[in-house]
Amino acid sequence: QVQLVEAGGGLVQTGGSLSLSCAASGRAFSDYCMGWFRHAPGKEREFVAGISWSGGSTYYADSVKGRFTISRDSAKNTVYLQMNSLKPDDTAVYYCAASQSYCGSRQSKYNYWGQGTQVTVSS
């Protein structure tokens, strides 16, 4: 099993930046593909970004391509989401997730989830 704890959310103005982190504990971090998802009020939870076991492959939702960057640091057992050029539509609770067997956008394939961190972008 793996436990995930997100941090770094907050309030930012349109056009600003935030960096989220997700610290993993438990099984070897390198055994997991990692993903970021978000859940906005009145909407379904959606995929934001994913990264493979080694970090060699990354995946992004079209809505965040060119603005968000996912990365991982195996020495720190941490995955990051750098968010730039933020828009009000990015307002949501952001969740980190882990999967041993799947790398990609399908949230049903992720076995472990963090508690979420709120990101609010003001206009």
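Each reported figure results from applying straightforward, stated rules to the coordinates on display, with no laboratory input. Keep in mind the model is a prediction, meaning the values are calculated, not measured. Positions of Cβ are backbone-derived with ideal geometry, glycine not excepted, and every protein chain shown enters the neighbour counts.
A few notes on this one:
- Normalised Debye scattering of the stretch 56-104 at q = 0.15, 0.16, 0.17, 0.25 Å⁻¹ gives log10 I(q)/I(0) of -0.48, -0.54, -0.61, -1.21, counting only Cα atoms as equal scatterers and leaving out solvent.
- The slack between ALA75 and ASP62, meaning 0.36 nm per residue of separation minus the straight C-alpha distance, is 1.7 nm.
- Only alpha carbons enter this Debye calculation for the chain, each as an equal point scatterer, and the log10 of I(q)/I(0) it gives at q = 0.14 Å⁻¹ is -0.51.
- Under 23 Å from the Cα of LYS43 - lysines, other chains or at least 8 residues apart: LYS65, LYS87, LYS109
- Dipole of the chain [Lys/Arg +1, Asp/Glu -1 at C-beta], most positive-end residue of CYS103, ALA40, LEU20: CYS103
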